[in-house]
Amino acid sequence: MAGMIARVVGVAWAAAATLLAPVLMWNLRRRAKRGREVAARLGERRGIDPAPRPSGRLLWIHAASVGETVSILPLLEALRGRTTVLLTTGTATSQALLDQRIPELGLTGQVLHRFAPLDVPSWIARFLSHWQPDAACFVESELWPNQLAACQRRRIPLMLLNARMSDRSFTRWRRAGWFARHILSGFDRVQARSDQDAERLRLLGARGVESPGDLKFAAPPLPVDQAELGHLSAALADRPVWLAASTHPGEEGLIAAAHRQVTATHPGLLTIIVPRHPDRGPALAMELCASRRAAGEGPPREGIWLADTMGELGLWYRLASIAFVGRSLVAPGGGQNPLEPARLGCAIAVGPYTGNFNDHVALLRDAGALEEVADAAALAGFVSAMLDDPARRARLGAQAAAVVCRHADLAERTAETLLSMLSVR
């Protein structure tokens with residue numbers, strides 16, 4: 001009975017998506033006007049693509065946005081020269097990142113980036129008919145029923161990679177366990193990022209579940225423009241500096257309050273804020289009376305500097321050895337990746353709402369490499385303590401760097417698994 005209900009729900013989902021296709025198209029155009037989509041490539045979101053399919057075996061990997069894309073860069077390197085990868089994402093920011101990183105990694109012509117079709121049956125059918133992937137891999141938690149059903153009908157081997165199941169997601173999926181089982185059982189292989197994620201996925205009906213480790217541990221340090229790093233390091237050498245990275249709405253006001261508190265004992269303080277979405281820069285500059293890097297404005301003598309640019313997080317983590325990682329101070333939060341500053345030896349703080357990165361936070365915290373702060377006052381206390389005690393700050397950074405030096409061979413092992421799936425058909 002549960003299986004029959006799941007199939008009926010699947011048919012209803014497909015019908016609803018088809019009916020909503022005109023609305024989805026309207027929304028894509030609206031997003032393009034706001035810079036959230038690339039207007040010239042909206043056809044790809046409907047499975048329309050003039051680019052030819054390359055000859056030979058083709059592996060389709062789908063990563064939702066920037067975080068997932070960064071996590072699979074080591075995997076793309078491990079696949080170099082072994083197969084062609086069709087890499088789809090769903091955001092303009094991920095496309096901008098890949099435009100930079102694919103040539104840097106020497107993967108031009110071997111990794112083809114396209115925008116993923118939305119979950120409308122006819123759009124997905126066009127996409128699959130054109131590209132004819134020999135295997136498909138979805139990263140972390142990309143579970144779109146029509147996409148998965150279309151791949152299963154064409155007998156395309158499926159893998160869920162670096163799979164995660166947060167507290168909130170697990171609770172929601174359990175309420176519709178029959179549908180979760182219907183969706184997850186379609187994957188031939190599931191590699192979970194942790195034992196906890198693996199157990200939750202098994203309980204929800206996934207099969208072939210393994211937990212070889214988190215692919216994010218295999219990522220290289222974020223890149224940096226060495227010339228710009230040298231220039232800014234010299235300019236800020238004698239100043240107290242700290243960083244609030246990947247911030248979300250509601251957090252910047254709290255960070256500004258922490259800045260004011262720390263400034264009382266550390267004159268000349270520079271607080272660098274990197275909003276997760278750079279297009280928020282102009283509004284934040286007005287709200288915080290801050291200068292903007294994207295507008296060509298340099299750091300103030302004392303105050304807040306908005307780093308509202310793309311692809312420079314590696315620069316900021318190297319400039320500021322004290323880092324707060326955002327999307328964690330305001331509920332519901334969820335957190336952002338704390339391994340990026342850890343890999344660069346930063347002293348790290350996060351807020352209380354890090355549900356998407358519980359394992360990473362716990363690992364760093366238990367190693368004495370991360371502190372959790374409840375509010376703006378606690379954040380100010382952390383920053384002041386790190387500025388007052390450089391030896392402690394260096395110790396936390398060294399402990400953080402040591403924690404992330406693991407799973408160095410995970411990308412290669414994952415590549416072998418994916419290559420084996422290409423030969424299944």
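The values are calculated or read from the model by the stated rules, or taken from the named source; none is laboratory data. These figures come from a predicted structure and were not determined experimentally. We place every Cβ from the backbone using ideal geometry, glycine too, and count neighbours over all the protein chains shown. Just the protein is used for accessible areas: all its heavy atoms, side chains included, with ligands, DNA and RNA removed. Shrake-Rupley method; radii C 1.70, N 1.55, O 1.52, S 1.80 Å.
Within segment 232-261, count every residue that is in contact with a Gly (Cβ under 7 Å, 6 or more places away or on another chain), within 16 Å of ASP375 (Cβ to Cβ) and open to solvent by 10 Å² or more (accessible area, probe 1.4 Å). Walk me through it before giving the result.
As a first pass, look at segment 232-261 and keep what is in contact with a Gly (Cβ under 7 Å, 6 or more places away or on another chain): 239-240, 244-248, 251.
If we keep only those that are within 16 Å of ASP375 (Cβ to Cβ) too, we end up with 244, 247-248, 251.
Keeping just the survivors that are open to solvent by 10 Å² or more (accessible area, probe 1.4 Å) gives 248.
Total meeting the criteria: 1.
How about segment 308-345: which of its residues are in a loop (DSSP other than H, G, I, E, B) and touching a Leu at 6+ places or on another chain (Cβ under 8 Å)?
Kept after step one, since they are in a loop (DSSP other than H, G, I, E, B), are these residues of segment 308-345: 308-312, 320-321, 326-338, 344-345.
Answer for segment 308-345, where residues must be in a loop (DSSP other than H, G, I, E, B) and touching a Leu at 6+ places or on another chain (Cβ under 8 Å): ASP308, MET310, GLY311, ALA320, LEU329, VAL330, PRO338, LEU344.
Please name all residue pairs, on different chains or six or more residues apart, with Cβ atoms under 6 Å, provided the first residue is in segment 371-387 and is outside any helix (DSSP H, G or I) and the second residue is not β-branched (Val, Ile, Thr).
The qualifying pairs are GLU371/ALA349; GLU371/PHE382; VAL373/ALA349; VAL373/LEU379; VAL373/PHE382; ALA374/PRO352.
If you take just the helices (runs of 4 or more DSSP H) that sit entirely in segment 8-117, which of them hold at least 1 residues that are in contact (Cβ under 8 Å) with a residue 60 or more places away in the chain, of a type in the set (Gly, Ala, Ser) and open to solvent by less than 40 Å² (accessible area, probe 1.4 Å)? Walk me through how you get there before you give the answer.
Details: elements: 21-33, 66-71, 73-78, 92-104.
Passing ranges, in order: 21-33, 66-71, 73-78.
Return the residues of segment 357-370 that are in a helix (DSSP H, G or I) and either surrounded by 24 or more Cβ atoms within 10 Å (Cβ to Cβ) or of a type in the set (A, V, I, L, M) (or both); say none if nothing qualifies.
PHE357, HIS360, VAL361, ALA362, LEU363, LEU364
So is ARG406 assigned to a helix (DSSP H, G or I), open to solvent by 50 Å² or more (accessible area, probe 1.4 Å), on the phi < 0 side of the Ramachandran plot and not acidic (Asp, Glu) or not? Reasoning before the result, please.
On the way: assigned to a helix (DSSP H, G or I): no; open to solvent by 50 Å² or more (accessible area, probe 1.4 Å): yes; on the phi < 0 side of the Ramachandran plot: yes; not acidic (Asp, Glu): yes.
No.
Search segment 118-137 for residues being in contact with a strand residue (DSSP E or B) (Cβ under 9 Å, 6 or more places away or on another chain) and not in a helix (DSSP H, G or I), and hand back the single one that is most open to solvent (accessible area, probe 1.4 Å).
Checked segment 118-137; the qualifying residue most open to solvent (accessible area, probe 1.4 Å) is GLN132.
Within segment 166-195, can you find the residues that are open to solvent by 10 Å² or more (accessible area, probe 1.4 Å), closer than 20 Å to PHE217 by Cα and within 20 Å of the chain's Cα centre (by Cα)?
Result: SER166, GLN191, ARG193, SER194.
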